[in-house]
Amino acid sequence: MTGESVDEAHEWLLSAIARGGRWPGHLVPPARMGSDAMTRDLAALPESVREAREFTRDGLRTWGLAAMYDDVGLVVSELVTNAIRYAVGATAGPGDTPVRLGLLRTVGRLTCAVADPSDEVPQQGEADFVSQSGRGLYLVAAFSDAWNWTPLYGHGKVVWATFTTRGS
C-alpha cells in the first residue's frame, strides 16, 4: 500500500473503534471485522488487560506476526491499562464495555488503538523510576514506532500506536 492507503486504513480503524463504543453518544452499529482488522470490547476491569493481551497474541498469530508479540503485547497492556483507569466511573453498569481495542494490519504496518470514554488528554509524565506507575506512555513510545491520540466526536478519545512489520 502507498502511504495514502495506509493512512486511510489507519483512519478507518480509528473510526471503527469509535463506532463500536457503547457509552452514551456512540450507540451505533458495531465495527466491522475483516481479515486485516480486529476489534474487541473490554470491560473496565483489571482482568481486561489479560484479555486484551490474549486477543492481541491470537491476532498476531493469525496474521503471521507472532514474533512481534512481546513489544505489541506490552504496548497493548499499557494502552488498555490507561483506558481502564480513565473509563472507571464512565460505565453505565456492571456489564458495560466502555473500552474498545482495535488491531489493523496494513502492508508494512500494524496499528493498535484503544478507545475510552474519557476526555482526559494522555500525557507522558515525568520519568520517575521509583514510582510504581506513571511510565506507561514512556513504554509505549519506547516499544512502538509512533503513538498519538485523537478525540472522539462528543466525548472520549482513541490512543494508538504503530509498529513496522517485516515480511507482511
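The values are calculated or read from the model by the stated rules, or taken from the named source; none is laboratory data. This one's a predicted model, so the numbers in the text were calculated from it and none came from an experiment. Using ideal geometry, Cβ is built from the backbone for each residue, glycine included, and neighbour counts are taken over all protein chains shown. Just so you know, the surface numbers come from the protein's heavy atoms only, side chains and all, with ligands and any DNA or RNA stripped out. Shrake-Rupley method; radii C 1.70, N 1.55, O 1.52, S 1.80 Å.
Across segment 109-132, the number of residues qualifying as modelled with pLDDT under 75 and surrounded by 10 or more Cβ atoms within 10 Å (Cβ to Cβ) comes to 4. Residues that are under 20 Å from Gly136 (Cβ atoms) and either open to solvent by less than 50 Å² (accessible area, probe 1.4 Å) or modelled with pLDDT of 60 or more (or both): does segment 20-34 have at least one? Checked against the condition, which is being under 20 Å from Gly136 (Cβ atoms) and either open to solvent by less than 50 Å² (accessible area, probe 1.4 Å) or modelled with pLDDT of 60 or more (or both), segment 20-34 yields no hits at all.
The number of residues in segment 145-168 being in contact with a Ser or Thr (Cβ under 7 Å, 6 or more places away or on another chain) and in a loop (DSSP other than H, G, I, E, B) comes to 2. Given the condition within 14 Å of Ser77 (Cα to Cα), surrounded by 14 or more Cβ atoms within 10 Å (Cβ to Cβ) and at pLDDT 90 or above, answer yes or no: does some residue in segment 150-160 qualify? The answer is yes; a qualifying residue exists.
Annotation note: Cβ proximity below 7 Å between a residue of segment 81-98 that is over 11 Å from Leu45 (Cβ atoms) and at pLDDT 60 or above and a residue that is open to solvent by 70 Å² or more (accessible area, probe 1.4 Å) and in a loop (DSSP other than H, G, I, E, B) (sequence gap 6+ or interchain) occurs for Tyr86/Glu120.
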